[in-house]
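First up is the structure itself, then whatever we jot down about it.
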Amino acid sequence: DTGVSQDPRHKITKRGQNVTFRCDPISEHNRLYWYRQTLGQGPEFLTYFQNEAQLEKSRLLSDRFSAERPKGSFSTLEIQRTEQGDSAMYLCASSSYTGTGGYEQYFGPGTRLTVT
Amino acid sequence: GEDVEQSLFLSVREGDSSVINCTYTDSSSTYLYWYKQEPGAGLQLLTYIFSNMDMKQDQRLTVLLNKKDKHLSLRIADTQTGDSAIYFCADETGGGNKLTFGTGTQLKVEL
């Protein structure tokens, strides 16, 4: 397995446009997470899925954000009516229970979003 | 809510040991993790420690946990230039849900 992949790696969009990002987790992992990272900060949790069920959403996830994982494999994160404050790196991670290390989360390379 | 704090910068000479410190507030943390992030890249999982352990060693990495003081440290022995990166500690409060990250410590290794 090649690890967690994300597409696109970079996205530049104009304010008010909608954007969608994709994450492909490690194949045997049943949990998938989305985080957002702004410059100089650590990643902040947005939401996570176990299989296709979305189990938790952060208060950071406004109504303009929606995430799906329709078949329990890849996931998409959509941002509607983008704002300049949405500019950030969007990171995806996946995990499954290891039995010894809890749920070790493995991260993808991220999608850098710039809203102009 | 949970809070995780780290010092912002650390500079060491090549070959010396580096110690990166982290404090957290959530007493129900079950696992604590260290991640490494290089410029423009995602996060690489380095190591972790279960909350009922005091120490874990993994090659050049040693993790120390003082649960009473909610203090975690990462020691890198024989630090190399390739270790230059931002290091994040993160805690997981159980159930496999979210990680709460610190702001990261930028490690600079000088020749």
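The values are calculated or read from the model by the stated rules, or taken from the named source; none is laboratory data. Quick caveat, the model's predicted, so the values are computed rather than measured. In this analysis, Cβ positions are derived from the backbone assuming ideal geometry, glycine residues included, and neighbour counts consider all displayed protein chains. To get the accessible areas, we keep the full protein, side chains included, count just its heavy atoms, and leave off ligands, DNA and RNA. Shrake-Rupley method; radii C 1.70, N 1.55, O 1.52, S 1.80 Å.
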For the stretch B:61-103, which residues satisfy the criterion of being open to solvent by 20 Å² or more (accessible area, probe 1.4 Å), among the β-branched types (V, I, T) and more than 8 Å from chain A (Cβ to nearest Cβ)?
B:T81, B:I86, B:T93
Among residues belonging to the stretch A:33-54 that are over 12 Å from the mean Cα position of the chain (by Cα) and within 20 Å of B:Q106 (Cβ to Cβ), point out the one that is nearest to the other protein chains (Cβ to nearest Cβ).
A:G42
Within the stretch A:42-116, which strands (runs of 3 or more DSSP E) (wholly inside it) include 1 or more residues that are farther than 21 Å from B:P39 by Cα?
A:44-50, A:53-57, A:65-68, A:75-79, A:88-95
Can you find, within the stretch A:55-113, the residue that is farthest from the chain's Cα centre (by Cα) among those that are among the β-branched types (V, I, T) and open to solvent by less than 40 Å² (accessible area, probe 1.4 Å)?
A:T82
Suppose we keep only residues that are over 12 Å from the mean Cα position of the chain (by Cα) and surrounded by fewer than 17 Cβ atoms within 10 Å (Cβ to Cβ) within the stretch B:27-44. Which one would you say is modelled with the highest pLDDT?
B:E38
Tally, over the stretch A:4-28, of residues that are part of a loop (DSSP other than H, G, I, E, B), within 11 Å of chain B (Cβ to nearest Cβ) and open to solvent by 20 Å² or more (accessible area, probe 1.4 Å)
1
Looking at the stretch B:3-18, which of the residues that are surrounded by 13 or more Cβ atoms within 10 Å (Cβ to Cβ) and touching a Lys or Arg at 6+ places or on another chain (Cβ under 9 Å) is farthest from A:Y35 (Cα to Cα)?
B:V12
